[in-house]
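*Asks:* Following this message is one structure expressed as structure tokens.
Just so you know, all these numbers are worked out from the coordinates, no wet-lab data involved. On a predicted model such as this, the values are computed, not experimentally measured, just so you know. When we count neighbours, we look across all protein chains shown, and the Cβ atoms used for this are built from the backbone with ideal geometry, even at glycine.
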Amino acid sequence: MASSNSIRIIGGRFRGRRLRFPAVKGLRPTPDRLRETLFNWLQGELAGAHCLDLFAGSGALGLEAFSRGAAFVRFVEASGPVVRQLKQNLALLGLSGQSEVVKADALRMLTNEPEQPFDIAFLDPPYALNLLPALCERLEAHGWLVPGAWIYLEQESHRPWFELPAGWEVHREARAGQAACRLVRRGTMPDATATDDAQ
């Protein structure tokens with residue numbers, strides 16, 4: 001398998017492991033530099049966390065969370081081949097019992113209420129669809145997040161950021177190449193917003 005169809009786990013107990021993902025049009029793993037930046041930000045927050053990986057794709061974010069101590073990850077993905085590969089990768093790492101892979105449209109799924117809310121949510125939808133505002137509103141409206149939950153948002157670097165739901169505050173920002181990201185917290189945060197350059 002070509003390296004363009006594999007991801008490398010950056011840190012934690014599975015550090016250095018390479019995992020395949022299918023050559024599906026539009027599947028775009030979060031760049032390594034942004035992943036490393038994100039999980040440096042989340043250091044100390046992942047142990048025992050329940051995470052939601054929407055538009056999971058390669059599973060890069062949820063798998064990295066597992067590697068660094070997350071207790072449970074729900075992966076949500078609409079593509080059948082991608083879902084099958086995610087399940088294989090989780091089984092390969094011995095994580096099938098700590099995870100759930102859901103074949104679903106993430107936006108539609110969020111109109112329902114979850115069995116229990118999540119501590120951390122990763123939102124990295126296809127850039128062209130501009131789904132982040134609607135995803136955030138539905139996460140907030142339907143009880144998907146615990147108080148103080150962390151939310152990772154990724155979009156194209158040239159796109160202006162949108163207004164967050166009431167009570168959400170930006171904690172960190174970064175960019176790498178064509179991608180820009182924010183780490184947001186549901187709840188009160190310090191006044192200053194730090195900015196990082198992941199390049």
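*Asks:* Sort 71-84, 150-163 by the packing proxy (mean of other Cβ within 10 Å over each peptide's residues), most packed first.
*Replies:* 71-84, 150-163
*Asks:* Any idea what Rg and Dmax come out to for the chain if you just take the C-alpha atoms, in Å?
*Replies:* Cα only, the chain: 15.5, 46 Å (Rg, Dmax).
*Asks:* Also: From a point 7 Å beyond the Cα of Ala134 in the direction of its Cβ, which residues of segment 45-81 have a backbone N at a distance under 19 Å?
*Replies:* Backbone N within reach: 53-57, 76-79.
*Asks:* If you place +1 on the Cβ of every Lys and Arg and -1 on the Cβ of every Asp and Glu, how big does the dipole about the Cα centre of the chain come out, in debye to the nearest 20?
*Replies:* 940 debye
*Asks:* Within the chain, what percent of beta bridges assigned by DSSP are antiparallel, to the nearest 5? Don't skip to the answer; put the middle values down first.
*Replies:* Working: 18 of 38 bridges.
In the chain, DSSP labels about 45 percent of beta bridges as antiparallel.
*Asks:* In terms of modelled amide H atoms, which long-range or inter-chain residues lie less than 5 Å from the amide H of Ala179?
*Replies:* Ser157
*Asks:* Let's test the formula: R0 of 45 Å, r as the Cβ-Cβ distance of Ala91 and Ala141. What FRET efficiency results, to the nearest 0.05?
*Replies:* 0.85
*Asks:* Could you work out the helix-only [θ] at 222 nm for the chain, with each DSSP H run of four or more residues adding -39,500 (n - 2.57) and the total divided by the number of residues, to the nearest 500 deg cm²/dmol? Walk me through the numbers before you get to the answer.
*Replies:* Working: 5 runs with 45 residues, N = 199.
Helix-only estimate at 222 nm: -6500 deg cm²/dmol.
*Asks:* Once you have the Cα-Cα distance between Arg8 and Asn40, take 0.36 nm times their residue separation minus that, and quote the gain in nm to one decimal.
*Replies:* This chain segment gains 9.9 nm when fully extended.
*Asks:* Tell me, what ³J(HN,Hα) does each residue in segment 12-21 have, in order and in whole Hz, if you take phi through Karplus 6.51 cos²θ - 1.76 cosθ + 1.60 with θ = phi - 60° and put x for Gly and Pro?
*Replies:* Once θ is set to phi - 60°, the couplings for segment 12-21 become x, 5, 9, 3, x, 5, 9, 10, 7, 9 Hz.
*Asks:* With each label point set 7 Å from Cα along the Cα-Cβ vector, what nm distance links Val102 and Ala166?
*Replies:* 2.6 nm
*Asks:* Once label points are set 7 Å from the Cα along Cα→Cβ at both Glu113 and Arg18, what is their separation, rounded to one decimal in nm?
*Replies:* 4.7 nm
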